[in-house]
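S.K.: Have a look at this one.
The values are calculated or read from the model by the stated rules, or taken from the named source; none is laboratory data. No experiment lies behind these values; they were computed from the predicted model shown. Here Cβ is always computed from backbone atoms with ideal geometry, including for glycine, and neighbour counts include all displayed protein chains. Accessible surface areas use protein heavy atoms only, side chains included; no ligands, DNA or RNA. Shrake-Rupley method; radii C 1.70, N 1.55, O 1.52, S 1.80 Å.
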2 protein chains.
Amino acid sequence: MLMKHVIMNSQLPLLCCANNCMLLASSRVFRRQRFLIRSFGGSIDHCRNSGSGKMQSVDVDDIIRAITPDLDQSRHKGQAGNIAVIGGCREYTGAPYFAAISALKIGADLSHVFCTKDASPVIKSYSPELIVHPVLEESYNVRDEDKKIISNKVLAEVDKWLERFDCLVIGPGLGRDPFLLDCVSEIIRHARQSNIPIVIDGDGLFLVTNHLELVSGYALAVLTPNVNEYKRLVQKVLNSEVNDDATQQVLSLAKQIGGVTILKKGKSDLISDGDTVKSVSVYGSPRRCGGQGDILSGSVAVFLSWARQYIKASGQDSNLSLKNPAVLGSIAGSAIMRKAASIAFSNKKRSTVTGDIIESLGKSLEDICPAGSSCL
Amino acid sequence: MLMKHVIMNSQLPLLCCANNCMLLASSRVFRRQRFLIRSFGGSIDHCRNSGSGKMQSVDVDDIIRAITPDLDQSRHKGQAGNIAVIGGCREYTGAPYFAAISALKIGADLSHVFCTKDASPVIKSYSPELIVHPVLEESYNVRDEDKKIISNKVLAEVDKWLERFDCLVIGPGLGRDPFLLDCVSEIIRHARQSNIPIVIDGDGLFLVTNHLELVSGYALAVLTPNVNEYKRLVQKVLNSEVNDDATQQVLSLAKQIGGVTILKKGKSDLISDGDTVKSVSVYGSPRRCGGQGDILSGSVAVFLSWARQYIKASGQDSNLSLKNPAVLGSIAGSAIMRKAASIAFSNKKRSTVTGDIIESLGKSLEDICPAGSSCL
């Protein structure tokens with residue numbers, strides 16, 4: 001019954017903040033506000049037994065400040081993050097662009113896209129800031145007898161770069177071509193062998209829902225399902241339907257996939273690695289223009305790689321109670337994305353499009369973690 | 001004779017407003033102003049018999065506020081509209097982009113373009129916000145013996161998506177290739193079978209003027225002819241020339257095509273479904289840069305789908321006297337487009353281009369129907 005209460009709380013309206021309920025989206029207000037995440041410590045059993053399911057206030061600002069690296073004149077290109085998006089096919093080009101440019105706007109140094117030959121000139125044309133590799137192939141372009149050779153060639157092209165990446169984003173605009181998805185399965189296996197974190201969204205979720213072994217037990221994987229993608233995951237993994245006990249269900253789901261992190265997008269974002277569940281419900285926007293999930297995946301990738309650096313560097317000295325970089329990166333990515341959406345919406349209202357939100361990522365982070373003073 | 005008087009009134013100068021004739025386009029003035037549409041209730045016969053042809057003031061603001069959906073954190077992607085533009089060929093790429101991006105800027109969640117393979121990379125490169133499907137084919141690319149197969153393939157590609165769309169815009173940048181137009185005729189038939197509203201502009205009007213059976217009797221079709229397109233329609237349907245009795249003629253035209261809605265663009269926009277005629281003459285711009293018709297078609301598509309949702313939800317409880325979503329969507333689209341053109345012109349004067357008007361769509365709607373207060 002206590003869990004019911006907690007879940008009800010987790011569905012409180014957005015724009016709820018820790019110290020008060022100021023709803024204004026002005027810059028000064030943003031600066032004064034501190035993020036609230038609601039934390040349901042321990043496993044469901046633990047919550048039930050100990051009664052620890054009561055709402056705790058955890059400050060997302062502190063997480064973001066802790067994991068965001070200082071800017072320092074002595075650092076060199078790549079140290080603040082080298083991200084790669086695997087996606088972009090004949091049909092979809094916007095999604096991988098949104099994910100990759102978001103990574104740069106959060107503060108990564110380098111952002112790559114691995115896409116099909118058809119998608120490459122278009123994605124390149126969106127921005128000269130990205131490094132776009134036209135290496136993926138779709139079935140319509142490959143004869144059956146050439147599939148093995150082409151597949152090996154695709155893998156070799158990606159492998160040349162793989163060790164340099166701090167995180168992969170797999171799925172934005174990937175499409176569902178069977179040959180292409182086979183190649184991407186291999187890329188996931190290689191990334192996993194090299195301990196490279198992966199954020200999986202869009203058609204990447206279609207792939208891993210049907211091939212859970214690709215991510216099962218990999219603690220550096222984050223899955224970012226929307227309502228429909230989550231429903232399919234629950235059906236496949238838990239062999240049940242989505243129920244009202246959202247906190248318990250996302251915990252069970254993450255646990256069942258061996259401790260991957262699930263970032264369930266919704267009115268509140270729920271984040272679980274099978275051990276704990278966090279809910280991020282601050283800020284946000286009521287606009288539902290397509291592409292916001294791509295921003296989130298690119299943002300989570302950067303924060304995940306920063307969180308990993310932070311945990312490695314601080315070890316047991318970390319001031320954060322959370323130690324899982326996938327969870328920390330998901331919380332930070334979710335909060336910064338929601339805040340950027342809120343800033344964009346306050347300016348553009350109904351005509352807000354994804355590009356407007358991307359342009360607000362910098363301010364969203366800067367308000368919490370100013371770069372200026374530390375680096376000059 | 002009474003009708004003559006009314007028609008003269010309907011051709012009053014632009015920027016005429018309901019309560020006064022302030023011509024300034026400043027934000028404060030816009031906010032205070034309320035749209036005027038002139039309404040000629042009932043059929044021509046009814047007008048003549050009852051004398052109800054006298055000018056009535058109908059508040060467009062109220063229509064726009066009624067049909068524009070509240071923004072709500074619990075809504076999910078697609079609920080505010082999923083629009084598809086059928087257009088874009090080797091020769092024309094700007095028009096379908098203008099229509100599709102306008103739909104997003106009005107507030108639709110998703111906007112697609114179905115175009116030829118040649119047009120696709122260019123349209124994609126204009127904006128990552130659109131989902132562009134390179135599925136249409138032109139004759140130069142298809143052998144006679146393959147036409148049936150290719151045609152079926154095109155239809156299958158569109159059919160995969162069709163049920164998800166709330167409205168199609170058919171015609172911007174479509175071109176007049178016979179094979180392509182044959183495929184589009186089939187798309188119209190399929191959309192009609194599925195009760196999906198269609199807005200027809202540009203070369204789509206060339207197609208339906210020669211094949212009236214495609215839209216005849218379909219109440220969810222809006223035709224948006226300019227002066228020349230209207231002239232051809234009148235010649236074809238009424239077997240006469242355009243005359244000075246514009247109100248009666250547009251009413252007859254709409255009635256003759258079985259109750260489709262005609263949005264006759266001009267100094268004043270005249271809108272009729274064969275039952276009533278409305279004139280929207282507020283605001284506007286004297287700039288006649290190409291592409292404004294494309295903005296209108298994309299805008300009408302969104303408002304039509306919103307009006308349809310509104311009518312379905314409110315039923316007989318609707319506060320609006322008008323019940324035809326095609327007419328409501330046309331009035332709202334016309335007014336918002338004209339106001340956006342006026343805002344853009346007040347800023348850019350002679351150098352106003354279509355992109356400037358598109359960038360003003362958000363403000364144009366926001367001034368009448370603020371998104372902020374309802375959703376936060």
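S.K.: Suppose we keep only residues that are assigned to a helix (DSSP H, G or I) and without any contact (Cβ under 8 Å) to a residue 60 or more places away in the chain within the range B:315-332. Which one would you say is most open to solvent (accessible area, probe 1.4 Å)?
M.R.: The extreme case among them is B:Gln316.
S.K.: Quick one: which residue in A:Phe114, A:Phe98 is under 14 Å from A:Gly171 (Cα atoms), in contact with a strand residue (DSSP E or B) (Cβ under 8 Å, 6 or more places away or on another chain) and among the aromatic types (Phe, Trp, Tyr)?
M.R.: A:Phe114
S.K.: Further, regarding this structure: Please list, ordered by first then second residue, the pairs with beta carbon atoms under 7 Å, 6 or more apart or interchain, first in the range A:275-287 and under 21 Å from B:Asn82 (Cβ atoms), second assigned to a loop (DSSP other than H, G, I, E, B).
M.R.: What qualifies is A:Ser285/A:Thr352; A:Pro286/B:Leu71; A:Pro286/B:Asp72; A:Pro286/B:Gln73; A:Pro286/B:Arg75; A:Arg287/A:Thr352; A:Arg287/B:Leu71.
S.K.: Also: Consider A:Gly274 carefully, then state whether it is surrounded by fewer than 24 Cβ atoms within 10 Å (Cβ to Cβ), out of contact with any helix residue (DSSP H, G or I) (no Cβ under 7 Å at 6 or more places or on another chain) and more than 30 Å from A:Lys348 (Cα to Cα).
M.R.: Answer is no for this residue.
S.K.: I need every pair where a residue in the range B:62-76 that is over 27 Å from A:Val227 (Cα atoms) and more than 8 Å from chain A (Cβ to nearest Cβ) has its Cβ under 7 Å from the Cβ of a residue that is open to solvent by 30 Å² or more (accessible area, probe 1.4 Å) and outside any loop (DSSP other than H, G, I, E, B), sequence separation at least 6 or different chains.
M.R.: These pairs meet every condition: B:Ala66/B:Tyr310.
S.K.: Where residues in the range A:79-99 are open to solvent by less than 20 Å² (accessible area, probe 1.4 Å) and away from chain B (no Cβ under 14 Å), which of them is modelled with the lowest pLDDT?
M.R.: Checking each candidate, the answer is A:Ala80.
S.K.: For residues that are more than 8 Å from every other protein chain (Cβ to nearest Cβ) and part of a helix (DSSP H, G or I), scanning just the range B:100-119, find the one that is farthest from B:Ala340 (Cα to Cα).
M.R.: This residue is B:Ala100.
S.K.: Let me ask something additional. Quick check on my filter: what residues within the range B:334-367 are within 14 Å of chain A (Cβ to nearest Cβ), open to solvent by less than 10 Å² (accessible area, probe 1.4 Å) and closer than 21 Å to B:Ala307 by Cβ?
M.R.: Selection gives B:Ile336, B:Lys339, B:Ala340, B:Leu361, B:Ser364, B:Leu365.
S.K.: Follow-up. Can you find a residue that is within 14 Å of chain B (Cβ to nearest Cβ) and not small (Gly, Ala, Ser) anywhere in the range A:139-160?
M.R.: Filtering the range A:139-160 down to residues within 14 Å of chain B (Cβ to nearest Cβ) leaves A:140-141.
Narrowing further to those that are not small (Gly, Ala, Ser): A:140-141.
Yes, the range A:139-160 contains a residue that is within 14 Å of chain B (Cβ to nearest Cβ) and not small (Gly, Ala, Ser).
S.K.: What are the residues in the range A:198-224 that are crowded, with 18+ Cβ neighbours inside 10 Å, part of a loop (DSSP other than H, G, I, E, B) and out of contact with any Asp or Glu (no Cβ under 8 Å at 6 or more places or on another chain), if any?
M.R.: Residues satisfying the conditions are A:Val215, A:Tyr218, A:Leu220.
S.K.: Identify, from the list A:Pro121, A:Pro134, the residue that is farther than 25 Å from A:Arg192 by Cβ, surrounded by 14 or more Cβ atoms within 10 Å (Cβ to Cβ) and of a type outside the set (A, V, I, L, M).
M.R.: Going through A:Pro121, A:Pro134 in turn, just one is farther than 25 Å from A:Arg192 by Cβ, surrounded by 14 or more Cβ atoms within 10 Å (Cβ to Cβ) and of a type outside the set (A, V, I, L, M): A:Pro121.
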